[in-house]
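Visitor: Pasting a structure below so you can have a look.
The values are calculated or read from the model by the stated rules, or taken from the named source; none is laboratory data. Keep in mind that what you see is a predicted model, and the values were worked out from it rather than measured. Cβ atoms come from the backbone with ideal geometry, glycine included; neighbour counts cover every protein chain shown. For accessibility, only protein heavy atoms count, side chains too; no ligands or nucleic acids. Shrake-Rupley method; radii C 1.70, N 1.55, O 1.52, S 1.80 Å.
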Amino acid sequence: MNPKILLIEDEEGTRFGFSRYLSKAGYFIKESTCLSEAQEALLSQRFDAVLLDLNLPDGNGLDWITDLRGSYPDIPVIIITAFGDISVAVEAMRRGADNFLTKPVNMDDLDVFLRKSLELGILRRRDLTFQRLEKKDHLSFGESPAMKNIMNLASLAAGNDSPVMLLGETGAGKGVLAKWLHENSARSSAPFVEVNCSNLRDDLLASELFGHAKGAFTTAMRDRQGLIEVADGGTLFLDEISDMGMGVQAQFLKVIEEKHYRRLGEVKMRRSEFRLICATNRDIREEITLDRFRKDLYFRIHVFPIVIPPLRERPEDIPGLVSYILKNLDSPNVHISPEVMQLLMLYPWPGNIRELRNVLERAILLARGQPLTVEHFSGLEASRIPKETVRGSCNLADIQEAHLRTIIRRFDGDTRKAAEALGVSRATVYRKLKKLKDNP
């Protein structure tokens, strides 16, 4: 099939010359003399590329590029104009044009530009198709009231560019939530760059973040791009930021405030527009009192905090999490007996969701395709399970009752603290307790 080209040119002679040459070269040409005709043509059929003159009777083609690119992101746009001003060319490319040619145009060159642009258009269409058809797993942290509130906050955070601070124990899912925030934000097509601050000493972390120039230190044999630069336009995720040294904290604070930085050993100022997400399993306010974290940096990054509660405080989420994890482990049809589910719901999970996943993966390997039984979970502390619950019914109501009693005992009967730990209102706790008294 011949490539379809939309030619937008008001000069009849120029339009005739382009159409004649390109038709002989194997292109189908649709002519438009102004922007309004071009818009009607785009509504009637799909084109593989657009040749656009800038000065047209009903407007400036430069102003139309942004609208054209927004509606048809895959179509290559080649600007053809009698004005070869460099600043105009730069502005056209900034707004979305792929190439810029000045009149008189060498037709052989135009043919080459068109063919290259058509290849680019094909790649863009493939990428857009892949993005639309790509199957993204639905994030599952659970359906408890506490986690529903967390996901409501996450949805709100994904819709803006404010710094997000994720707080929670190790294995609670902070990294997974950070990736979800990026994928559901306006920056999803740009890089997601993750840095674990606890893995690198100060000088190595600074080099990793800011990059370095050749010769900046003994082993700097060449220029190296920093991860702040890589994250430009995307998201920078700093995991365990509480482990960042005070020296790097001071440097990074300046980056947050000014969006400018320098590579190590370089005087040139660079700029990076990234969205910042941080995570930690520590109490940063305590770190501040111990002079291990800068108060001014804390105020900069603690704009939108999200606290992920530990798994032991929301056992009602475990059945859904088990199904989700088994699906991700390509074992969605594995049978979970009531005894196994009871065991999982009463175990305290110090390693949270990460530990739950590891335990399930190990159990699947041990089961060798058979239903999962309690024997496949020998590593769990069965002694923590109330004996009367194990010997009794295995239904969900009994498990929830046992957990409620455990939480109430843990907080010495303080219903306010128990309600906070369970992620429910005090009224709900009172209602549950009344039900227990009425049905001893």
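Visitor: I'd like to know if the stretch 347-362 contains one or more residues that are basic (Lys, Arg), within 24 Å of THR428 (Cα to Cα) and either open to solvent by 60 Å² or more (accessible area, probe 1.4 Å) or at pLDDT below 90 (or both).
Guide: For the stretch 347-362, residues basic (Lys, Arg), within 24 Å of THR428 (Cα to Cα) and either open to solvent by 60 Å² or more (accessible area, probe 1.4 Å) or at pLDDT below 90 (or both): absent.
Visitor: Now, a different point. Taking the stretch 146-171 on its own, how many of its residues are closer than 13 Å to ASP239 by Cα and of a type in the set (Gly, Ala, Ser)?
Guide: Residues meeting the conditions: 2.
Yes/no per residue for (1) touching a helix residue (DSSP H, G or I) at 6+ places or on another chain (Cβ under 6 Å); (2) without any contact (Cβ under 8 Å) to a residue 12 or more places away in the chain:
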{"site": "GLY13", "(1), (2)": "no, yes"}
{"site": "TYR21", "(1), (2)": "yes, no"}
{"site": "LYS24", "(1), (2)": "no, yes"}
{"site": "TYR27", "(1), (2)": "no, no"}
{"site": "ASP48", "(1), (2)": "yes, no"}
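Visitor: I would also like to ask the following. Quick one: which strands (runs of 3 or more DSSP E) sit completely within the stretch 148-240 and have at least 1 residues that are more than 19 Å from the chain's Cα centre (by Cα) and without any contact (Cβ under 8 Å) to a residue 12 or more places away in the chain?
Guide: Once the strands (runs of 3 or more DSSP E) in the stretch 148-240 are filtered for at least 1 residues that are more than 19 Å from the chain's Cα centre (by Cα) and without any contact (Cβ under 8 Å) to a residue 12 or more places away in the chain, nothing remains.
Visitor: Also, I was wondering about something else. Identify all residues within the stretch 315-346 that are among the polar types (S, T, N, Q) and either open to solvent by 40 Å² or more (accessible area, probe 1.4 Å) or within 18 Å of MET147 (Cα to Cα) (or both); write none if there are none.
Guide: Correct list: SER323, ASN328, ASN333.
Visitor: Oh, and also: For GLN249, all conditions in the list (1) under 27 Å from ARG201 (Cα atoms); (2) out of contact with any Asp or Glu (no Cβ under 8 Å at 6 or more places or on another chain); (3) open to solvent by 10 Å² or more (accessible area, probe 1.4 Å); (4) not hydrophobic (A, V, I, L, M, F, W, C) hold save one; what is the number of the exception?
Guide: So GLN249 meets the others, but not (3).
Visitor: Scan the strands (runs of 3 or more DSSP E) fully inside the stretch 16-97 and keep the ones with 2 or more residues being among the β-branched types (Val, Ile, Thr) and open to solvent by less than 30 Å² (accessible area, probe 1.4 Å).
Guide: The qualifying strands (runs of 3 or more DSSP E) are 77-81.
Visitor: What tally of residues in the stretch 241-260 results from selecting those that are closer than 23 Å to ASN160 by Cα and either in a helix (DSSP H, G or I) or of a type in the set (Gly, Ala, Ser) (or both)?
Guide: 8
Visitor: Can you spot a residue in the stretch 279-293 that is at pLDDT below 95, under 12 Å from ILE228 (Cβ atoms), open to solvent by 50 Å² or more (accessible area, probe 1.4 Å) and not β-branched (Val, Ile, Thr)?
Guide: For the stretch 279-293, residues at pLDDT below 95, under 12 Å from ILE228 (Cβ atoms), open to solvent by 50 Å² or more (accessible area, probe 1.4 Å) and not β-branched (Val, Ile, Thr): absent.
So that you can scan it fast, the table gives a plain yes or no per residue for (1) farther than 24 Å from ALA178 by Cβ; (2) among the hydrophobic types (A, V, I, L, M, F, W, C); (3) touching a Phe, Trp or Tyr at 6+ places or on another chain (Cβ under 9 Å):
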| residue | (1), (2), (3) |
| --- | --- |
| GLY215 | yes, no, no |
| ALA220 | yes, yes, no |
| LEU227 | no, yes, yes |
| GLY233 | no, no, yes |
| ASP239 | no, no, no |
| TYR261 | no, no, yes |
| ILE284 | no, yes, yes |
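Visitor: Sticking with this one: Anything in the stretch 98-108 that is exposed (fewer than 11 other Cβ atoms within 10 Å of the Cβ) and more than 18 Å from ASP10 (Cα to Cα)? List them, or say none.
Guide: ASN106, ASP108
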